[in-house]
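Encoded as structure tokens, the structure appears first; notes follow it.
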């Protein structure tokens, strides 16, 4: 008499095995040469079924997965995602991550980039096996997928989710089929490294090209005009456009600093203020919403009132997680701030330990 086949619980029999085919930072490289990350497009491919499930995650939730899939041996990939560290610690403790399952998914997560819509959370089940038996916990989707990638564990999606939200694909160019004309062009992507950029247009010769103007004043009303920004003759100007402007405004650039871990980064510029009722000056920020903490602390060099051209400088050490650093000028409250001759420099690499 033969042995009866092993029957898995019913909830496991309605799952589709998928692979993490792509994790693409969006919008990615910009026409001015900069690099921006508002969301990550995660593509889960059902190769046997000729389908792909696109999932758009907000920056902080997709960043660990992006890092966990970094090319092994890549000298520019200094970040070790927290999920990768967790997978190693679990392995040392004799616990294996055996799989990640996605049973439900909000359609909003498959309909387009996360920027501009309310944050939608999603979760997945992470399965473990060890000397104590099998266990399962719920975690945020991006973190669960990052742990699966780091541990080499299987990823499964409920058939119902795939049937309703996956798209038909042919061939290997899944990004092109999902993003269309917005997909990276040949030559724009280098799978061997994290995209890096250098500061651009520091003389403002091209106006505000490569700089981004925004701030908390737009949180309540995206169309708010409490502050204005312009650049002319090598000088950038932020000015309050209301008697009592809401929030704060900033003009800034962001750079990826993976290759500068342990080195000193300094931001220096000349600043002039006029009738600043609250505060204005320079800022050097680490730990952007799209990634891990990249500086030991974020810094500001503030001025108030009216001041003639003053040289301000901020310095910090790039943390071991690398990531993204933002530098620029800001204004909070009534008044006007001008800045010119911005410079971003990095100190020498730290000496190797004996």
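The values are calculated or read from the model by the stated rules, or taken from the named source; none is laboratory data. Computed from a predicted structure; not experimentally measured. Cβ sites come from the backbone with ideal geometry, for glycine too, and all protein chains shown count toward neighbours.
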*Hey, any hits in region 207-220 for a residue that's modelled with pLDDT of 70 or more, touching a helix residue (DSSP H, G or I) at 6+ places or on another chain (Cβ under 9 Å) and in a loop (DSSP other than H, G, I, E, B)?*
no
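A quick yes/no check of all residues on (1) modelled with pLDDT of 80 or more; (2) outside any helix (DSSP H, G or I):
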| site | (1), (2) |
| --- | --- |
| 21 | yes, yes |
| 40 | yes, yes |
| 44 | yes, yes |
| 60 | no, no |
| 63 | no, no |
| 84 | no, no |
| 88 | no, no |
| 94 | no, yes |
| 98 | yes, yes |
*asked:* Being under 30 Å from residue 235 (Cα atoms), modelled with pLDDT under 60, in contact with a strand residue (DSSP E or B) (Cβ under 7 Å, 6 or more places away or on another chain) and outside the structural domain of residue 340 (by TED's automatic domain parsing) is the requirement here; does residue 199 meet it?
replied: no
*Which of the residues belonging to region 158-172 are surrounded by 11 or more Cβ atoms within 10 Å (Cβ to Cβ) and touching a strand residue (DSSP E or B) at 6+ places or on another chain (Cβ under 8 Å)?*
158, 159, 161, 162, 165, 166, 167, 169
